[in-house]
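The values are calculated or read from the model by the stated rules, or taken from the named source; none is laboratory data. Quick caveat, the model's predicted, so the values are computed rather than measured. In this analysis, Cβ positions are derived from the backbone assuming ideal geometry, glycine residues included, and neighbour counts consider all displayed protein chains.
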Amino acid sequence: MGVLSDFDLDRLIREYGCRYLIETGTGLGKSLEYAAASDFDQVFSIEIMHKLALEAALRFAKNHKVTVIHGKSERGLKEALEEIPPEAPVIYWLDAHFPGADFRLASYKDEKNEAVRLPLERELRLLAGLRDISRDVFLIDDLRIYEDGTYDEGPCPADHRPAEEFRHTRFVDEVLGATHGIERLFRRTGYLCAYPKRRD
């Protein structure tokens with residue numbers, strides 16, 4: 001599981017002009033808390049598990065720049081983007097998989113549909129269809145689900161590992177390769193980061 005505090009958000013805000021952050025997967029709210037303390041105008045967090053979404057909504061109820069959305073990531077992304085000016089760059093903190101056993105509310109095996117269990121490709125293609133993403137920043141956790149590597153926390157456990165036809169990141173290059181520089185980090189369970197290419 002990734003940790004948003006591995007990234008210097010205030011530096012990214014300054015460097016890329018991102019005044020908004022959207023995360024998929026609120027979890028226990030640690031990343032949301034870190035983002036809310038940074039210099040964003042608005043932070044949106046999308047959580048599929050009702051219990052976790054409710055807890056976060058109550059916890060951040062007095063913070064007017066935090067919005068917690070309960071639902072599947074695709075609907076939540078659409079809802080969040082309706083509140084963001086289309087020309088405003090966004091940082092996305094994307095959870096690479098269905099939350100499952102991360103918080104002992106379900107097993108990874110409970111979701112049989114690989115496309116639902118691994119929503120990242122659908123999310124990226126959705127975002128590319130909804131807006132110009134060429135100025136947006138993408139921070140994606142759990143790279144080890146998709147690729148082998150020398151990760152701090154070791155290889156992907158067998159019960160997290162998708163079928164081989166889903167175990168690739170070709171779709172990242174298809175969606176972001178022309179407009180973004182793509183970087184892989186092997187800290188924790190791995191990060192895939194995409195930063196806008198410089199415009200001359």
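So which of A178, A163 is free of Cβ contacts under 8 Å to residues at least 12 places away in the same chain, farther than 24 Å from V3 by Cα and hydrophobic (A, V, I, L, M, F, W, C)? Show your work before the answer.
Working: A163 fails: free of Cβ contacts under 8 Å to residues at least 12 places away in the same chain.
Sole residue among the options that is free of Cβ contacts under 8 Å to residues at least 12 places away in the same chain, farther than 24 Å from V3 by Cα and hydrophobic (A, V, I, L, M, F, W, C): A178.
Annotation: A61 fulfils all but one of (1) crowded, with 16+ Cβ neighbours inside 10 Å; (2) outside any helix (DSSP H, G or I); the unmet one is (1). In region 64-77, the qualifying residues are those that are out of contact with any Asp or Glu (no Cβ under 7 Å at 6 or more places or on another chain) and of a type in the set (D, E, K, R), and the one that is surrounded by the fewest Cβ atoms within 10 Å (Cβ to Cβ) is R75. Of E121, E174, E164, all but one fail to be over 20 Å from C18 (Cα atoms) and either loosely packed, with under 13 Cβ neighbours inside 10 Å or among the basic types (K, R) (or both); the exception is E164.
Identify all residues within region 34-58 that are part of a helix (DSSP H, G or I) and surrounded by fewer than 16 Cβ atoms within 10 Å (Cβ to Cβ); write none if there are none.
Looking only at region 34-58, we keep the residues that are part of a helix (DSSP H, G or I), and these are 34-36, 50-58.
Within region 34-58, H50, K51, L54, L58 qualify.
Remark: pairs (first residue in region 62-73, under 14 Å from E33 (Cβ atoms); second residue polar (S, T, N, Q); Cβ separation under 6 Å; 6+ apart in sequence or on different chains) = K65/Q42; V68/S45. Go through region 146-195 and give me each residue that's more than 19 Å from G129 (Cα to Cα), aliphatic (A, V, I, L, M) and modelled with pLDDT of 95 or more. Hits for region 146-195 are I182, L185, L192. If the condition is being part of a loop (DSSP other than H, G, I, E, B) and either touching a residue at least 24 places away in the same chain (Cβ under 8 Å) or of a type in the set (K, R) (or both), then region 133-155 contributes I133, S134, R135, D136, D142, Y146, E147, G149, T150, Y151, D152, E153.
List the pairs whose first member sits in region 16-36 and is under 15 Å from I133 (Cα atoms), whose second member is small (G, A, S) and not in a helix (DSSP H, G or I), and whose Cβ atoms are under 7 Å apart, counting only residues at least 6 apart or on separate chains? Taking only residues 6 or more apart or on different chains, the pairs are R19/A88; Y20/A88.
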